[in-house]
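Before any comments, here is the structure.
The values are calculated or read from the model by the stated rules, or taken from the named source; none is laboratory data. A quick note: this is a predicted structure, and the numbers were derived from the prediction, not measured. No Cβ is skipped: glycine too gets one built from the backbone with ideal geometry, and neighbour counts run over all protein chains shown.
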Amino acid sequence: MPSLQLDVVTAERVVYSDAVDSVVAPGTLGELGILPGHAALVTTLQPGELRVRKGTDEIDLAISGGFLEVRHDRVLILADTAERAEEIDIERAQAAQERALRLIQERRERADLIQAEAALRRSRVRLKVARRRREGMAPS
């Protein structure tokens, strides 16, 4: 079965690198699905959930934006930040969400509001990814 080589890289580290069956990424204009044989592509990513399928496993990562390149069954994601679901500290993500909500309510300056809204989006993505992972691990 054909596969894709996926590399998710931040300035600090390689977050994920493996052969996978499919990738669903949060493109700027909506979700972008990539399968083996996909046409060459370069696009921007928004904060969101990166879903990777490898066999029967689904790997979830939270990314805060960046770039995606597809070329010759190779997918390269250069992310501002990226975390695997199991790396996310839920308490820290909840605290970040609460801080962002507080800043939005204070509405000081437009620049502060834009930064607070971006922080809120990032924290919500992190919480979604982490909670999905925890729910999937719960005993039936």
Checklist line | Yes/no for LEU78 being in a strand (DSSP E or B), crowded, with 19+ Cβ neighbours inside 10 Å and at pLDDT 90 or above | finding: no
Notebook entry, point to check: Being outside the structural domain of THR10 (by TED's automatic domain parsing) and closer than 25 Å to VAL23 by Cα, is that true of even one residue in the range 92-114?
Noted result: yes
Next item on the list: Would you mind stating whether ALA79 is touching a Gly at 6+ places or on another chain (Cβ under 8 Å) and not aromatic (Phe, Trp, Tyr)?
Entry: yes
Note to self: Take the residues in the range 4-28 that are in a strand (DSSP E or B) and β-branched (Val, Ile, Thr); name whichever of them is surrounded by the fewest Cβ atoms within 10 Å (Cβ to Cβ).
What the structure shows: VAL14
Margin query: For the range 35-57: of the residues being under 12 Å from LEU76 (Cβ atoms) and under 15 Å from the mean Cα position of the chain (by Cα), which is surrounded by the most Cβ atoms within 10 Å (Cβ to Cβ)?
Written below: LEU45
Next item on the list: Go through the range 24-45 and give me each residue that's touching a residue at least 40 places away in the same chain (Cβ under 8 Å) and farther than 14 Å from ILE63 by Cα.
Entry: ILE34
